[in-house]
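Novice: Structure below; questions to follow.
Taken together, the values in this text are just the output of simple stated rules run on the coordinates, not laboratory data. Given the structure is predicted, the values throughout are model-derived calculations rather than measurements. Every residue, glycine among them, receives a Cβ derived from its backbone with ideal geometry; neighbour counts consider all protein chains shown.
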Amino acid sequence: MTYKKNILVTGGAGFIGSHCVRLFVEKYADYRVINLDALTYAGNLENLKDVEHNENYVFVSEDILNDQGIEEIFRDYQITDVIHLAAESHVDRSITDPLAFLKTNILGTANLLNAAKTYWKDDFSQHVFYHVSTDEVYGSLGPEGFFYEDMAYDPQSPYSASKASSDHFVRAYANTYCLQTKISNCSNNYGPNQFPEKLIPLMLNNIRNGKPLPVYGDGTNIRDWLFVIDHARAIDDIFHKGVANETYNIGGNNELQNIELVRLLCDLMDDKMNQDKGTSQKLITFVKDRPGHDHRYAIDNTKLTTTLGWEPSVTVVEGMKATIDWYWDNEKWLRNITSGAYMEYYKAQYSH
Ligand code: NAD
Ligand code: DAU
């Protein structure tokens, strides 16, 4: 069969990537989705069990740092478009190993851009290089204000510095070589299949197991939460309807202090576990703060909602309940990935 598009999705075995792959595979039978992933600790093919036998889905095990391998994939699969999500994504890990972030997030992105520049050179207008980025590139907000698309970048952690740099490279390739690019900068995602190093699945796992709930600093840092399936829907809209070489901020207007969020998770889990309200909150433990901890993220999503008509499909409580149900029903998924290497990471991160 000849496909209308052969879309290379990088990082498709990860959290957001797997939701994005599923949406494209199921919604667009006339596209072939080539999921390229190095299957690091964060990549898990179990996330895509339900679509792995679809005819329009292919998995390729590859590292975005392998430039020759990437070029071969462009050639072998006649890649028409890229949706690039592969990255090192956890801020705490970037503090202990910044170079790993520099390599994957900057060099890896440049390798993909180079392959696209070579392979699409006859007519860049027929192809899209979509780079999935983060709101953390804008820095840290005080109590007022929002992140706008035209704000100056001010990254504060090795992770956000590496993502900011990769965004700059994407724009530079658009400007210099006429690649058609799109960038989106999204706020904190939550939902099924998120690796339990991140706040929400870590807390849910610990509540279920009666373990302390480590809240960094005084818990007043603010994040703006978005259900992962709504992020995948926004990527679909921007990929298809977004203006070339523009940037879109994605967020669901759900600002919460970390401590408020953890208390909400405790209350929802008390319901789920038929416990008295307040039982899980007793597990809350304030621990040493994250170095350079960004205070507040808040997205202004006006461009996305007014020009592309995107709206989040769930409220934060609906999304949290769906997430809790998913983790509750998928304990085996969690057990499989929280063995061995994850436990060593957990001990090192939370032992002091
Ligand atoms: P994740 O850590 O769950 O998944 C990353 C995936 O990339 C994994 O499958 C991993 O195996 C793969 N990968 C890592 N290094 C690779 C390499 N060198 N070559 C090939 N594959 C590699 O990350 P996520 O939370 O799903 O984030 C996906 C993207 O979205 C990232 O670019 C991240 O910066 C961005 N983002 C994440 C959030 C969030 O809240 N999680 C918000 C905004 C933007
Ligand atoms: O804003 C988008 C970003 O959101 C993405 O680009 C990143 O890939 C993603 O990891 C996420 O970054 P954060 O650092 O905001 O997410 P994390 O889940 O690590 O932490 C959320 C907040 O909770 C943050 O203020 C730190 C705090 N925290 C986190 C952990 C893991 C705790 O208080 N305790 C914890 O144990």
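Novice: Could you give log10 I(q)/I(0) at q = 0.10 Å⁻¹ for segment 237-352, computed by the Debye formula over C-alpha point scatterers of equal weight, without solvent?
Specialist: -0.51
Novice: Rounded to the nearest 5, what is the percent of antiparallel bridges among the DSSP beta bridges in the chain?
Specialist: Values: 4 of 42 bridges.
Around 10 percent of the beta bridges assigned by DSSP in the chain are antiparallel ones.
Novice: Once you compute Rg and the Kirkwood Rh from C-alpha atoms, what is the Rg to Rh ratio for the chain? Could the numbers behind the result be given before it?
Specialist: Details: Rg = 19.8 Å, Rh = 20.7 Å.
So for the chain, dividing Rg by the Kirkwood Rh gives 0.95.
Novice: Counting only other residues whose beta carbon sits under 11 Å from that of ASN54, what net charge do I get with K and R as +1, D and E as -1?
Specialist: On the way: positive: ARG22, ARG32; negative: GLU26, ASP50, GLU52, GLU55.
Net local charge, ASN54 excluded: -2.
Novice: How would segment 124-192 be classified by its alpha-carbon gyration tensor: rounded, prolate or oblate, with rounded meaning a/c under 1.5 and the a/b versus b/c comparison settling the rest?
Specialist: Details: a/c = 2.15, a/b = 1.71, b/c = 1.26.
In terms of gyration-tensor shape, prolate.
Novice: A follow-up question, please. Say a paramagnetic label sat at a point 7 Å from the Cα of THR302, along Cα to Cβ; which residues of segment 105-149 have their backbone N under 16 Å from it?
Specialist: 145-149, by backbone N distance to the label point.
Novice: Work out, step by step, the length gained on full extension between LYS347 and LYS288: first 0.36 nm times the residue separation, then minus their alpha carbon distance; give nm to one decimal.
Specialist: Full extension from LYS347 to LYS288 adds 19.8 nm.
Novice: With bins 10 Å wide starting at 0, give me the P(r) of segment 29-130 over every alpha carbon pair, in whole percents.
Specialist: For segment 29-130, the binned pair fractions read 13, 43, 33, 10, 0 percent.
Novice: A further question follows. In terms of modelled amide H atoms, which long-range or inter-chain residues lie less than 5 Å from the amide H of LYS182?
Specialist: Close amide H contacts, sequence-distant or interchain: PHE129, TYR130, HIS131, ASN245.
Novice: Net charge near PRO143, counting Lys/Arg +1 and Asp/Glu -1 over other residues with Cβ under 13 Å of its Cβ?
Specialist: Numbers: positive: ARG296; negative: GLU144, GLU255.
Surrounding charge for PRO143 is -1.
Novice: Please give the calculated 222 nm ellipticity per residue for the chain, where each DSSP H segment of at least 4 residues contributes -39500 (n - 2.57) and the sum is spread over every residue; nearest 500 deg cm²/dmol? Write out the running numbers ahead of the final one.
Specialist: Numbers: 13 runs with 142 residues, N = 352.
Rounded to the nearest 500, the figure is -12000 deg cm²/dmol.
Novice: Please give me the summed charge of the neighbours of THR109: other residues whose Cβ is under 10 Å from its Cβ, Lys and Arg +1, Asp and Glu -1. Before the final figure, lay out the partial values.
Specialist: Values: positive: LYS163; negative: ASP167.
Counting the neighbours of THR109, the net charge comes to 0.
Novice: Using a Förster distance of 25 Å, how high is the FRET efficiency between ASP30 and ASP122, based on the Cβ-Cβ distance and rounded to 0.05? Please report the intermediate quantities before stating the final value.
Specialist: Values: r = 23 Å, r/R0 = 0.90.
Once the sixth-power term is evaluated, E becomes 0.65.
Novice: Considering only DSSP states other than H, G, I, E and B, which GluC sites (Glu not before Pro) in segment 38-83 qualify as loop sites with at most 12 other Cβ atoms within 10 Å?
Specialist: Values: sites: GLU46, GLU52, GLU55, GLU62, GLU71, GLU72; in loops: GLU52, GLU55, GLU62.
Here the GluC sites (Glu not before Pro) that fit, given the DSSP loop and packing criteria, are GLU55.
Novice: Out of all DSSP beta bridges with both ends in segment 200-352, state the antiparallel percent to the nearest 5.
Specialist: 40
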